[in-house]
Structures are given as C-alpha cells and as structure tokens.
Amino acid sequence: MKIMHVADLHLDSPFKGMMKQSKVIHKQLIQAPYQAFERCVSIAINQEVDFFLIVGDVYNAEKQTIYAQNFFMNQLTRLEKAGIPVVLNYGNHDYLRADKKSPIYPNNVYAFLSEDVEQFDLTSKNQETVRFYGFSYRQKWIKERKTQEFPLNPGETDYTIGLLHGALADGQGNDAGNYAPFTVQELVSKQYDYWALGHIHQAGVLNAGPLIQYSGTIQGRHRNELGDKGAYIVELKQNSPAKNKFVSLAPILWQSATIECHQDWQANDIVQQIEQVIANYRSEAEASTQSQILTITLSNGQRLNQELQEQIEKGELSFAFETSGLEVDGPFVVVAKLYLTQNMTLDAFQYDENLNQSFHAVSQRLIEGNAYDDIMKDLFQHSIIQNWLPELKDDKELKHSIIESAQQLMIQTIGFDIKEDTHED
Amino acid sequence: MKIKTLDIYGYGKWVNQKFDINDGLQLFYGQNEAGKSTLQSFIRSMLFGFPTKRRRINQQNRYEPRHGEVYGGRLLLTDTSFGNIWIERTNKLFTVTTEEGDRLPDNTLEKVLGGLDETLFDNFYAFNLQNLQELSNIDADKISDYFLSIGTLGSDKFLAIAKEYEKETDGLYRKQAQNRPLNQMLSEFESLAENIQRMETNMARYDSLIEQQAHQEKIIQNLNQEINRLDLEIREKDKLVGRYDIYLKDRAAKRELEQLVYTEIPEKGIELLDVNRKRIEESNTAIIQNEERLRNLQGELGSLTRLNWANNHVDERRKWIVETQKTKEAQAKFEQTVERIQEQNETMLQLARRGQFYPEKVSQDLEYNEKVEEGLAIQSQLDDLEKHQEAVKAERKVYIDQRKEQQNFSAIVRQQVAKLENQRLNEEAQLMQSTSLNHYFLGFIFLLVGIVVVMINFFSSEGGPSIYTWLGLAIAVLGFLSITYIFIEHRKHHAAFKNSPIIEKITELRKKEVQYHEQSKALGTEINERESALEAIAAEIESVLTQQKRWLVAIGFYPTADPEIILKTNPVKQYFEAKTQRAHFEAEREALNEKISKWRSEIKPLLERFPLVDDSTRSLIRHVEEVEVALARSQERGKAIQERIEQSRELIEKNKLLIKESEAIISKLFKETDSENELVFRHKVSNNRLIEDLQQKRTLYKDQMQGFEEALAEVKTKQALLEEFQSLEQERMLTKERLTPHHNERANLLVEINLLEHDGTYQEQVQLIESKKEELRESIYEWGRKRVAMELIYQTLRHGMDNPVPEMNQQADEIFSTLTYGRYTQIKLNKTGLKVKQFSDILFEPHELSQGTLEQLYVALRLAFVENALKMINMPILIDDAFVNFDEIRKTSMYQVLEKFSENHQVLFFTFDLQAKESFAEEQRIDLDEIDQTLDIKENSYEKDIEESETHQIEMED
C-alpha cells in the first residue's frame, strides 16, 4: 500500500526576506508553491498511490486566497479523477474557524473537521483496510496533548495511520507547547503503522519503526528553510518495515554559503568570490532545474578595510548579484542577502577602564533595558509601522542584529585596531 | 614608557641616524623641511607599523628611503612593564628584544601599548596646531560639550562620528518627513498593504458568492423540474388533441356508413361504361368534324365561278388561243413596219441637210437641170481669173529677190571702206612715233659741247689748237653727223606714209558702191507695176462670186452651199428616191392593222367576262393568255375538292356504325345493374366506393386511437381540450420566464467567481509586499544600527562625563591657572557642562572666553587627561608646533607648564620657534638644522630631481 504524505503546503505564503526582484523571478516565486503541489499530485497519480495525506497548513492563513482555494480544489479534483482518496486535516495556520463551514470537497476527500480525534476507514486498491485517525485545528493554538486522545491501535483494520499536525515537545522551540505537543514515545506507544506529521517545515524521520516523520513543507519560503523540500511516499507492507522515499517538489531552493574574508581583499575580490558561489549554484540549478536563492555570509568582515565594509553594509556590492540579467524563464540563481559578520571582541575602550565600563553598561542597557526601544521608537511610532508592521517592535532578530551591527560599526568607524576573537588564536 | 633612543636605518631623509632622547622634555628644533615631521612619523611607524594604504590616518606620506637603504629602524623604550626593550621594524622584519638582545614575543609591544592604537595615540598624546585651530570652528552651544569630552579620551572625534551618524540617519528617515528614503518606503508599503486589505475584503465576498451560486443553482434545478413535468403533461395533452380530431372523424364515418347501401356490380363495369362512352363521344366528334369539312368543301366548290365559265366556253377558248397566237405575230410585223417608216423620214431629212437645200423648195424636173447648167458657166469663169492672179504674183516675187541681192552687195563694199580707213589711222600714229623730235637731243648736246670746248680752247689757248680743241671739234662733228642722220631717217618715214596703197583701194571701192545703188533703183520700178495688176484681178473675182450666190438661192439651195457638190453629186435625186421607199412601207402597215382589228372583235366575249383597262394590243394578247392559264388551274382545283368530299362522306358512315356498337354494350350494362340510366349507375358505383373508403379509414382511426379510447371518450369538446392544453403551455412559458433571471444571476456569479479564482494579482501583491517588507527591514536595520551606534557613543561618553576623575580636575585647574597666570583658577566640570572660574569668582561659559584662553583651556584639559591616564598607560607626548600662534607671554607660561609636566612625562616637542629654543636648556634640545648637512644636500638634489622631473613632465604634457 502506497501513501503520499505531504504537509505544510502554505500555498498562498509569499517568500520572505527577499528584496525587490526582477519580474520573471517574482512570477516564479509566486508560482513556486503551486508548482510544487501540482507536481506532488502528478507524482501521486503516476505512482498510483493508494492514499494522499495532507497533514495541515494547506494555506498560510485562516483567511485563504481564492486563487489558492481554487487551485487546491482543482488538484483535489485531479486526484478524484485518478481515483485516489485524500485524507486531510487543518493545521494551525489554516485552522477551521468556528464560524466557517468547511468547503465542499470532491467526494474523494476525507477531511477531519473536528478538534476531537476522529477516524476514517478506507480501503486500498488491493482491498486492504486502513483506518486513519486525526483531528483539525479550530483555533490558532492547541495546547492540550492530543496524543492522549488518539486511541491505542484497535487492530480492526489491516493498517492504522495517524495524522498529527503539531510540534515535538522536546526542544522544538519555545512555543512548541502551543501546537499539540507530543513526544515520540507517546506516538510509538499507540502502535500505529505510520504517523504522518505536519507543522515542522524541515522534513525529518523521528522514528524508524514504526515510521514517524515530518514531510516538511513543499517549498521553502525563507532563508531558514534551507535545502530541498518535498513529500514522502511511504510503502507499507504487512510484517515488513515501511519503505520510505523522499520526493523532491520545490522548484526553488534556499541555500546558504559562507565566504571567509581575507586581510587584503578589495571589492573586486569579494565580487569574484560571490560570483564563484553563484556559478557553483548555477550549475546545481541547471542540473536539477531547481532555482536557487542564496544567503551569503561574509565572515571575518573586520579583516576588510573600513570603507569596503561600509560599502557592503550599504549594499553597494549588490551589482555583483544583480538579477536584472535573469529575464528568461527557467531556473535562476539569486542572492537574497549578503551578510557581513565580524568576529571580534568588543573591548574597544580597554585603554580607559572608565569608558570601557561605560560602553559595556550602555550595551547592556541596549540589549536588556529599554534603551533600544527608546532609540527605535522614533521609527516604530511612525503611524504606518504602527498600523501595518507592529511586529517589528518586538522583532528580536532585528534588535539583535541592529545592536550587534551598531557596536561593530562604532568600533570600526572610530578606528580602533580590531582584534579578532581571541578564541581564534 | 619612554623613548630613549631613535636609531634610524633609513626613513625619509634620515639615513643611519641615531638620536638619544631625554627622559623629560626633548626639544627638536629646526626650520621647515628640517625633518621634524619625518621623525614624528618614524616614532609612530616604529610603535604602530609603517603607513600603508589602509592605515594612513595620520601619516600622509610614505617614507621609504630613496637610495636603497634599509627602510625602518629601531626604538629603545624604557620604563615599560618589560623593562627596557628594543622595537626594531624594517620593511623585512619586526622584532622586540630586550636591551640585552633577547627576543621577546611580537605581541609584547601591544601589551606595552596597552591596547592603544595609532588613532588613539594621536587623539590623546599628540598636539598640533590643528587641534587648537579647530576650537574656533566649534559652535557656541557645542563647545561646552566639546570640552567636556576632552575629559574622556579622544571623545571629540567620537562626537564627530556620532554627529555624522545622526546626519546620515536623519537623511534616511525623519518622523514627520515625506521624502526621506525610509519615509517613502513606508508610504509605499502602506499603499501596498492597503491594496492587499482591499483584496482581502473581496475574498470575503467570495464565500457569499459561492453561497449565492448554490442558491441560484437550486432554484434553477427546481424550476427545471417543474418545466419537465409540464413538458410531459403538455406532450400527453398534445397527443390527445391530435387524436381527438381522429376520434371525431371516426364518429362521422360511422354515421355515414350506417346509411349507405352496397350494390353488386360486375367487375370493371364502370370502366366498361366509361370506355364505351368515350368511344361514342369520339365517334360523334369525328362525324361532326367530317360534316363540317364537307360543308366547307362544298362551299369552296361553289365559290369557284370561273370554273363554270371555263367549262362552258371550252371550244371558244381553244379558237381564241389559236387566233391570239397569230395576232401575236402580226403585231410584231406591224411594229417593225412602223419603225421602218420612221427611219425613212430621218434619212430624207439628213439628205436635205447634207445637200444644203430646203426640201420644200427643190424639185426634180427639167427646169432644175437647166439652172444647173447655168451654174457650170459661172464656175469656169471664176477658175480662169484665179489662174491669172497666180502668174502675176510669181513675177513680182522674182523682182523683189533681185533688188535684195543688189542691196547686199552695196553693204559689203561699205564695210571694206571702213576697214581700210581704220588702217590709215594706224599708219599715221606709227609715223608720229617714228619721227619724234626727241631723237635729235643727243646730237645737239654733242654739238654744243664740242662748240663750247672749241670756243673755250680757242680763246684760252694761244698756243695753237690744243688737243681739246681737236677733241671739241671731233665731238661737235659727231653731234652734227648724228643730227643729220636722224633727219634723213625721218624724211624716209614721211615719204613711206604718203605713198601707202590703202588710199588707192578706198577710192576704187567707193566707185563700186555707187554702181550697185543705181541697179536696185531700177528693180523697184518693175515691182510697182506688178502690184497694180494684181489689184485689178481681185476686183474681177469678187463680181463673179456674187453672181454665183444669186444662182444658188434660185435653185433652192442655201446661199452658202458649195456649188461644186451640187454640180458633181446631185443630192436632190437621192432625196426623192428615199421618199418613194417610205410610201411602200406605209402601205404594208395599213394591211397589218386591219388584221389586228379583226382579232379584237373576235375576243370581245372574253373581254366582257374578264375586262381589261389597258387597250393596247400587246396587253390584250398577254391578258388573253393569262386568263387561259388561270382558267385551266381552276379546273384542276375543282377536281381535287371533289375527291376530298367523297372521303369525308365515307368517314361519317363508318363512325355512325361504331356508335351503334357502343350503345349496345352500355344498355346491356345498365340492364345488368338494374339502373335506369347512367346517373343511377354511377351513383351506385360511387356509393360502393365510399363504403370501402370509410371502412378503411375506420380501421386506421382505430389504430391511432389505440390506448386513448377511454380518455377520448371523456373529452367533452375540442374547445375544452384545447383550453386545457393552452393553459399548460402558458404555465410552462411562465416557468421558463421565471428561469431566465436566475440563469443570468448564475452566469454573473460564475463570472465573478471565475474572476476571483483566476486572479493571481493577490499572490503577486503578497509577494510584492513581502519584498517591500524586506527592503524596509534592510533600511530600518541601516537606520537602526547607526542610530544605536550614535546613542552608544553619546551614552558611553556621557557615562564617562558623568563620572569625571577628581584628580584630573585638580590637575587641569593647576595647569590652566599656570597658563593664565592665575587669571582663571578653576575649571568646573559636571553633567550639564563646563564652566571656568575667574580669579574674581565669576563663572564663564567656554563660548564667553577668548580664542587664546580657549586654547589654553584645551591644552590644560588635554595635559591633565594625559597626566591622569598615567595609571593606565604612560606614553611620551608629541607636540608639533602647537603653540606658534601663542603670544610671547602665553608661550612663556606654556613652556613653563611643559617644563613642569615633563618631570613626570616625556615630552617630545618639535618646533621652529626661536623662543622655545631659547627657553630650554641646551641639553634638552637637538638642533636638526645642524645635523648631517650632507643629507640636506642630498635632499636638495633630490628635490631638484623632482622639480626637474616635474618640469619635464609639464613640458611633456605641454
């Protein structure tokens, strides 16, 4: 029995962390998740899978775009025509609001609509019986341990499969508790034949027997969602371990690369290095027909001269990875972001203990006190930001990078001789 | 830390130069270009590294030696935490060693410097003129901050950087601004966000659209069902309506059948009747046709009147035709005769004209013959006269010819005379020429000369005749002889002229001429005689001719007629012969005319029947012949008609027979069917047929009504049925009409839904705003890090300012007081700012102080700071002519301060100030101008080189 396991489609979710791109790329970005899912359905049809599981977060938000809905319906209809049943539930992103009815799906779709664990008994093409357990989100968070509600495998069917959209309780971030937290042990104890998990965008096998795994998202949308994305085709057979095959779906991949700066590098050296990185990924892209979005980190930036660092920070080097030349369809390679990191101590004022103390006190206040908010409020209290981007105020990453960069900037501009981190010596 | 020794291997102008330096104050005195700056740079280079492109912050020049010496040198540092150490730095190596030469780790220097880099060193330990001059450029409100900042190490520079950040971030964003990049980005973001929000409201509409669609779909479905039901009903009703008509027809057929009787009729009876009826009909028609033809033919026959006449006059017609043939010939002859008579008349008329007579006047009798004889006599007389006339004319001609000859001769003679006279004139001219007087001239000359000579000699020479006399004589003789000779010759010519033969000849010819003249005169007389004779004869001929004319008229001829013709041919006779001939022809004509008249009377009966207007004989003949032909034709036609009449009669008889046969058959048929007549028979036949028809129809109706019998039986009337049908149709129509708006509504919904479903704009906008967000983040990051950096600087400094070191304050007070000779006693530093206290206890703000005092304040603070920093790090101070602008008094106090300061601190003072040179002890100073003059020369030459090369270059550029 073959199962296609896919999750976290986030069909209408845009690519984050990319500056304005060329039209062609822009178009490709928009189309990428759709292409990925369409491919997924095509593969399912070609492979003649018995069941098609979608474990939550089909859409990015509870308010879905019509285009995405229409697209999703069309794909379900394709599966219906191919005679493939679809079992799906709603995730934390596209949770089914209380005031909203579930859309009318084609007849091959079995959707868990309740927040209570429910079941569907279906039959495979080979007349094997399968029971699916699952639940859907009806609100943004589910803090209960839903695993407790899943029954022990009653053994009434040939196979039993669980669909769970949630976070692993042990160490998957601080807010794992908001998303139906579970432990692998809990799942194993249910004695199911397969656990199809959703929510985490990085594919990963949590347990081999029985197979418990996240399929990950189908298309990385952020520089943190690195590498290839896709789905799993799982083959279950009585009395033998499950066969597991990853299917690549994403037409666009996020990649990260690091370039170590050298003491005597000038702008053109860096450009050359970046071009080399781009060239490497270009050959990758051409081979796999998957476009590549790169995040390049220039480490040990302190080794470059002050002016050059400023230029990089201001994005003046971006001409090296301009996307304007990429006006053709087909896989592209773009640099979404260029980071410059400095590995150095912040002991700038060691000649003056007094000042040094003062500097550290201020830095501390920036990081922990409200100094950062005081400084940034001039900007964050701008009506537009308050209206549309209130989250910026609490953006920790932004805060962290700003403070760090500010320190480095100050030290550099003032012209202290920079000392690389001692632990490097 | 102090610098003990500078050992320069090669640095700028300095090569292999060593300086030992005081622990306290060390003055380097020298004019410009003496190498002060080079030395300062050397110290910096040794401590912090050679200037590179990257590190050129305070060292504008590079100092690689020019002549291939080793670049660099070494410093001996004392009072370091590692004791005395050598810092050696060249372009090849960098070592730190103890005074004893033991190698120390490279980072020893770093430790010695305590984290101080070149920038900081310059900020804290180096003074120059520029530092002081900057003071005047600081705004009044900032100057307090500035002085405050001196309290912290190098903070003036930090503040400048912070200010720069502030400026940059303000350029990027300001809360109230519109056009700053970040502001613009924000408003772009807002418009995008608003756009998306609008689209989201659209999406909410989508659900309601879907619901509406379902609703409409249901309504349409219901209505369609209703319509289907009605359709079915209508179809049923329609069938009933169609069959009801049949039902009615069936009922009628049944009723009709009930009253119809069937009669046995032999097979094909009606056909037999029809055939025979037709035959009778046809025969009747044929009879009528032939009777009609018969009547026509008989009529035609009757109308042929000529036929009768022709048949009645058969014999006469034959006689007429024969006679007419004869008359035809006679007529031809008659016409010929008439023609002849005409010819004869013409001949006669012609004869009279040719014979030049009047026919009525002439006659043919004896009298006429006599008269002719008379004419003969007159004619012979006339002939004689004419002969005579001819003879005389011949004579006259001979004489005239002779006279002409004489006259010719005379003319020839006259011509000859004239010629000769001309010759005579020529001769005279010749003579004149040959006897010219000129011929004598020479002779006379000779003669005269000779005489003269003789005469001269004669009178001049007494001694006898000299030779000249003889000679003269000879000449005179010669002249005389010549004259004589010429004279004789002339005479001869004259004689010859006078005796010329021409004269004789002329005389002779003149005589002959006279002779000819006389002879021609005699011939003229003869001619005149003959002329008169001719005139007489002509008169006579005239009279005879008159006589002859009179004769001609008398015998009936024209007066102009030629008598000769009359006499020789006798034209009158011919005329009369022709006349006789004519009379003969006229007799013949009369005979023929009589014959024709007789024929005319014979054919009168014919003309009576067939009259002819034209009465000429020829027309009559043709008429008779034509009539005869026409009559013959009429007879033929009559015969043909007769034959056709016979034919028709036969046909009539035959048809009558046929009719009888058919009638017999018919009457037999009637008897068999018991019919009185054909009408009855036919009625019976049609009744039979009707019965069959109705029966057939009824079976058909039955088929069609199969299954509907009961329903049909229940129908009241057709009207009721139709009304039911129409009401159903009406209902269906109404239902369909109700459907239309729902269809439209559904279509509209579908369009809208489709539009929403396939509109990718939202996706695009979402991606766009995400990109914009990133852009914005990037800018916020840029703005934020600079802002934070700015604050970091401000706050770090403020922190330092908030906690000034008390010792430093005290020190600053002391130095300031010394510098100002006690005018100012205290510097008050606190959070709010800096003030100075005058000896009068009045506090001044920095901006209230003079530039000079500000400079002193600055120096005081800087020195106090250095003093204070001693705990952390002790570095020599480099002063680069900072005080050149101070007046003498201030300089004095300044140098005092330096002197004092150098007790604890090494001070390297580079200056060209003479006062400074004089202010310090000799062991404290190094006069650079006095060192190594050769190097100066070198440098000069180098500079010259440069100058040269520069000028060269300029030239080249030119």
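The values are calculated or read from the model by the stated rules, or taken from the named source; none is laboratory data. As the structure is a prediction and not an experimental result, all values here were calculated from the model. No Cβ is skipped: glycine too gets one built from the backbone with ideal geometry, and neighbour counts run over all protein chains shown. Note: accessible area is taken over every heavy atom of the protein model, side chains too, but ligands, DNA and RNA are not part of it. Shrake-Rupley method; radii C 1.70, N 1.55, O 1.52, S 1.80 Å.
Points worth noting:
- Residue match in segment A:17-40 (condition: of a type in the set (Gly, Ala, Ser) and within 20 Å of B:Tyr206 (Cβ to Cβ)): no
Conditions (1) over 29 Å from B:Asp207 (Cα atoms); (2) part of a helix (DSSP H, G or I); (3) under 29 Å from the mean Cα position of the chain (by Cα), marked per residue:
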{"residue": "A:Asn107", "(1), (2), (3)": "no, no, no"}
{"residue": "A:Tyr110", "(1), (2), (3)": "no, no, yes"}
{"residue": "A:Ser114", "(1), (2), (3)": "no, no, yes"}
{"residue": "A:Lys125", "(1), (2), (3)": "yes, no, no"}
{"residue": "A:Tyr137", "(1), (2), (3)": "no, no, yes"}
{"residue": "A:Asn153", "(1), (2), (3)": "yes, no, no"}
{"residue": "A:Gln191", "(1), (2), (3)": "yes, no, no"}
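- For beta carbons closer than 8 Å, sequence separation of 6+ or different chains, a first residue in segment A:138-164 that is closer than 17 Å to A:Gln213 by Cα and a second that is loosely packed, with under 13 Cβ neighbours inside 10 Å, the qualifying pairs are A:Thr160/A:Pro154; A:Thr160/A:Gln191.
Yes or no, residue by residue, for (1) open to solvent by 20 Å² or more (accessible area, probe 1.4 Å); (2) over 16 Å from B:Lys4 (Cα atoms); (3) of a type outside the set (S, T, N, Q); (4) over 60 Å from the mean Cα position of the chain (by Cα):
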{"residue": "B:Arg74", "(1), (2), (3), (4)": "yes, no, yes, yes"}
{"residue": "B:Leu77", "(1), (2), (3), (4)": "no, no, yes, yes"}
{"residue": "B:Ser81", "(1), (2), (3), (4)": "yes, no, no, yes"}
{"residue": "B:Trp86", "(1), (2), (3), (4)": "yes, no, yes, yes"}
{"residue": "B:Leu93", "(1), (2), (3), (4)": "yes, yes, yes, yes"}
{"residue": "B:Arg103", "(1), (2), (3), (4)": "yes, yes, yes, yes"}
{"residue": "B:Tyr125", "(1), (2), (3), (4)": "no, yes, yes, yes"}
{"residue": "B:Leu129", "(1), (2), (3), (4)": "yes, yes, yes, yes"}
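- Restricting segment B:758-774 to residues that are touching a residue at least 40 places away in the same chain (Cβ under 8 Å) and buried (at least 17 other Cβ atoms within 10 Å of the Cβ), the residue that is farthest from the other protein chains (Cβ to nearest Cβ) is B:Gln765.
- Residue pairs whose Cβ atoms lie under 7 Å apart, sitting 6 or more positions apart in sequence or on different chains, and linking a residue in segment B:258-285 that is touching a residue at least 24 places away in the same chain (Cβ under 8 Å) and farther than 12 Å from B:Leu658 by Cα to a partner that is open to solvent by 50 Å² or more (accessible area, probe 1.4 Å) and of a type in the set (Asp, Glu), are B:Pro266/B:Glu672.
- Filtering B:Val866, B:Val897, B:Val884 for residues that are in contact with a helix residue (DSSP H, G or I) (Cβ under 9 Å, 6 or more places away or on another chain), modelled with pLDDT of 85 or more, on the phi < 0 side of the Ramachandran plot and not charged (D, E, K, R) leaves a single hit, B:Val897.
- Total residues in segment A:20-66, condition open to solvent by 10 Å² or more (accessible area, probe 1.4 Å), farther than 14 Å from A:Leu9 by Cβ and more than 12 Å from chain B (Cβ to nearest Cβ): 8
- Every residue from segment A:396-410 that is more than 8 Å from chain B (Cβ to nearest Cβ) and either over 23 Å from the mean Cα position of the chain (by Cα) or surrounded by fewer than 17 Cβ atoms within 10 Å (Cβ to Cβ) (or both): A:Lys396, A:Glu397, A:His400, A:Glu404, A:Gln408
- The set of residues in segment A:252-276 that are of a type in the set (D, E, K, R) and not in a strand (DSSP E or B) comprises A:Asp264, A:Asp269, A:Glu275.
- Here B:Ala720 fulfils each of the conditions (1) touching a residue at least 24 places away in the same chain (Cβ under 8 Å); (2) open to solvent by less than 40 Å² (accessible area, probe 1.4 Å); (3) more than 14 Å from every other protein chain (Cβ to nearest Cβ); (4) out of contact with any Lys or Arg (no Cβ under 6 Å at 6 or more places or on another chain) apart from (1).
- Residues that are in a loop (DSSP other than H, G, I, E, B), under 30 Å from B:Glu370 (Cβ atoms) and open to solvent by less than 70 Å² (accessible area, probe 1.4 Å) within segment B:557-604 comprise B:Tyr558, B:Pro559, B:Ala561, B:Asp562, B:Asn570, listed in sequence order.
- Check on B:Gln406, among the polar types (S, T, N, Q), under 30 Å from B:Glu518 (Cβ atoms) and over 60 Å from the mean Cα position of the chain (by Cα): yes
- Condition check for B:Ile541: part of a helix (DSSP H, G or I), modelled with pLDDT under 85, under 30 Å from B:Ala391 (Cβ atoms) and open to solvent by less than 100 Å² (accessible area, probe 1.4 Å): yes
- Segment A:366-386, residues that are exposed (fewer than 12 other Cβ atoms within 10 Å of the Cβ) and either among the basic types (Lys, Arg) or assigned to a helix (DSSP H, G or I) (or both): A:Ser383
- Long-range neighbours under 8 Å by Cβ, at least six apart or interchain, first residue within 15 Å of A:Gly216 (Cα to Cα) within segment A:88-101, second open to solvent by 80 Å² or more (accessible area, probe 1.4 Å) and in a loop (DSSP other than H, G, I, E, B): A:Asn92/A:Lys140; A:Asn92/A:Trp141
- None of B:Asn222, B:Asn179 is open to solvent by 80 Å² or more (accessible area, probe 1.4 Å), part of a loop (DSSP other than H, G, I, E, B), more than 14 Å from chain A (Cβ to nearest Cβ) and over 30 Å from B:Lys697 (Cβ atoms) except B:Asn179.
Every residue, every condition in (1) polar (S, T, N, Q); (2) surrounded by 14 or more Cβ atoms within 10 Å (Cβ to Cβ); (3) at pLDDT 85 or above; (4) more than 60 Å from the chain's Cα centre (by Cα), yes or no:
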| position | (1), (2), (3), (4) |
| --- | --- |
| B:Ser893 | yes, yes, yes, yes |
| B:Leu908 | no, yes, yes, yes |
| B:Leu914 | no, no, no, yes |
| B:Thr934 | yes, no, no, yes |
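- From the list A:Leu163, A:Leu197, the one residue that fits, being assigned to a strand (DSSP E or B) and under 19 Å from the mean Cα position of the chain (by Cα), is A:Leu197.
- Only one of the numbered conditions (1) among the small types (Gly, Ala, Ser); (2) under 20 Å from the mean Cα position of the chain (by Cα); (3) at pLDDT below 90 is not met by A:Ser102, and that is (2).
- Residues (over 19 Å from B:Arg785 (Cβ atoms), facing another protein chain (nearest Cβ under 7 Å) and modelled with pLDDT under 85) located in segment A:354-387: A:Asn354, A:Leu355, A:Ser358, A:Ala361
- Screening A:Arg78 with (1) open to solvent by 50 Å² or more (accessible area, probe 1.4 Å); (2) in contact (Cβ under 8 Å) with a residue 40 or more places away in the chain gives one miss only, at (2).
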